[in-house]
Amino acid sequence: MSSRQFAHDLVDLLFDHVEQIESRPSVEWRPFAELRELVRIDGTLSDPLELSRMVARYANQLHHPMYMGHQVCPPFMDAAAADFLISVMNQSTAVWEMSPIGTVIEKEVVRWLADRAGYPESAEGTAVSGGSAANLTGLLAARARFDSNVVITSADAHYSIARAAAIMGVRDVRKVPTDAQHRMDVGALEEMLASLDTPPLAIVATCGSTATGAFDDLEAIASLRDRYNTWLHVDAAHGASVLLSDSLAHLARGLDRADSLSWDPHKMLFLPLSLGTILVRDGIWLRRAFQADAPYLFNSAGASENIGEMTIQCSKRADAIKLWLLLKSRGTAPFVEAIERVTRLTRYLYERLNDSDDFEPLHEPQLNILCFRRIGLDNDATADLRERLVRSGRAWITTTILRDERVLRVTMMNPRTTESDVDGLLDALRDV
Ligand SMILES: Cc1ncc(COP(=O)(O)O)c(C=O)c1O
């Protein structure tokens, strides 16, 4: 089969797959060993279309309305198609001369996001692989400005904060407890700041936490940052996209006061993996963090356009193109519709849980993440229930530990999911 024919057939296969997704289970679950056997590279040559069909068959079906699991979206198909453009042109965007068009598109996307975030002209940023890389980059920018071995974050912060600190050799990561709504307890943060002899390297707040989707009180935290003269990094990997919605933007109030922020279009802007971004309010700190002596790369006219002088990466995929292409061809309406829809669905689930006798929501959802319990189940039974559900192929959800208890957790990432699918989730949890 020619490469062209394969590519054409693959497009048809994938569009058919997505359009007929409801004829499949949410996953055709197989044990590790069985899957491993299926993919063995054993010297026999196979048809690439058949191989693709097999991958699509055993994939977790993120497009399935009953997929309500992790923070990975069923991407817009235009964006997935743009991935092919990005791959074929293979522009590496760290060095201006290696990709003039990729460089200007990334800069345009960064500027557009920075404007949405309310950042001034001094802001700079780059596309990165995702929230973890963005958080590390934000903390590296903080260290270019402040010299300290302490990072303060919330007990519910994503693990990438502690990991970033560890990579940087920052050993003292202090966790502020969360309040009843799972937000960083601002009073406890203030006490922690007051107890330090010198300001911390950074306070890291969260805008859309992983476990519950909670939004920290950024105005209050930014005021403490001002008082204690430190850096405020906001991990808004999940939540920053609310800025596009008039009805939800209030959740991120104060984000414009962050010194740096992480924003993942591959989460709530429904783009295929991967596209994360880091934005730094005063770009000078990002540049200082990544000053490099590389005359073989950073030597041409227009050197300041080299994105590689602001990022960890050298080879760097032109992932910003997929967001740019969607914004330029469709505007913001599809993003806003999708964000608002999944938020409404999560609210609907919350109400159904409240109405039921056998389930209980564990917090009020602010966005599209919700933890709940099946009344009467202990930790092991809850984990077991979720496992049975996933393996049944009827729905795909996750669990987490909340206040020391194993709980059920959904992230509504699929605008195809309907209210009756949400009802179906509770029925499936009762049946399996
Ligand atoms: C709040 C938050 N920050 C950071 C991350 C990490 O992002 P990535 O998986 O893109 O590295 C996640 C991932 O779920 C997250 O929820």
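The values are calculated or read from the model by the stated rules, or taken from the named source; none is laboratory data. Bear in mind that the values here come from a model prediction, so they are computed numbers and not experimental data. Ideal geometry is used to build each Cβ from the backbone, glycine not excepted, and the neighbour counts take in all protein chains shown. These area figures cover heavy atoms from the full protein model, side chains too; ligands, DNA and RNA do not enter into them. Shrake-Rupley method; radii C 1.70, N 1.55, O 1.52, S 1.80 Å.
Data for the structure
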read-out	value
Percent of beta bridges antiparallel (DSSP, the range 76-432, rounded to nearest 5)	60 percent
Whole-number accessible area per residue in Å² for the range 76-432, which is evaluated in the context of all protein chains at 1.4 Å	40 Å²
For F359, distant residues with modelled amide H under 5 Å away	I375
Mean ellipticity per residue at 222 nm, deg cm²/dmol - from DSSP H runs of n ≥ 4 across the chain, formula -39500 (n - 2.57)	-13000 deg cm²/dmol
Unit charges at the beta carbon, dipole of the range 1-133: most positive-side option, P31, V55, L10	P31
Accessible carbon and sulfur surface of the range 3-61 relative to its total accessible area, %, 1.4 Å	56 percent
Net lengthening on full extension, D16/D47 (0.36 nm per residue, minus Cα-Cα)	9.3 nm
Aspartates and glutamates whose Cα lies under 19 Å from that of K328, excluding same-chain neighbours fewer than 8 positions away	D78, D83, E106, E108, D115, D264, D319, E337
Segment M77-R227, length gained on full extension (0.36 nm per residue, minus Cα span)	49.4 nm
Accessible area (Å², 1.4 Å probe, nearest 10) - L85	80 Å²
Inter-centroid distance (Cα atoms) of the range 14-85 relative to the range 221-291, Å	32 Å
Within the range 128-161, backbone nitrogen closer than 12 Å to the virtual label 7 Å beyond the Cα of T198 toward Cβ	146-150
Length added when fully stretched, F6-A59, from 0.36 nm per residue minus Cα-Cα	17.1 nm
Of H250, I278, Y67, farthest towards positive along the dipole that unit charges on Lys, Arg, Asp, Glu beta carbons give the chain	I278
Lysines whose Cα lies under 17 Å from that of K322, excluding same-chain neighbours fewer than 8 positions away	K107, K267
Charged-residue dipole, Cβ positions (Lys, Arg, Asp, Glu), the range 3-61 about Cα centre, Debye nearest 20	200 debye
Sequence-distant residues sharing a close amide H with T399 (under 5 Å, placed H)	R409
Dipole in debye (nearest 20) - the chain, about Cα centre, beta carbon charges: Lys, Arg +1; Asp, Glu -1	640 debye
Rounded to the nearest 20 debye, dipole of the range 132-201 from Cβ charges on Lys, Arg, Asp, Glu	340 debye
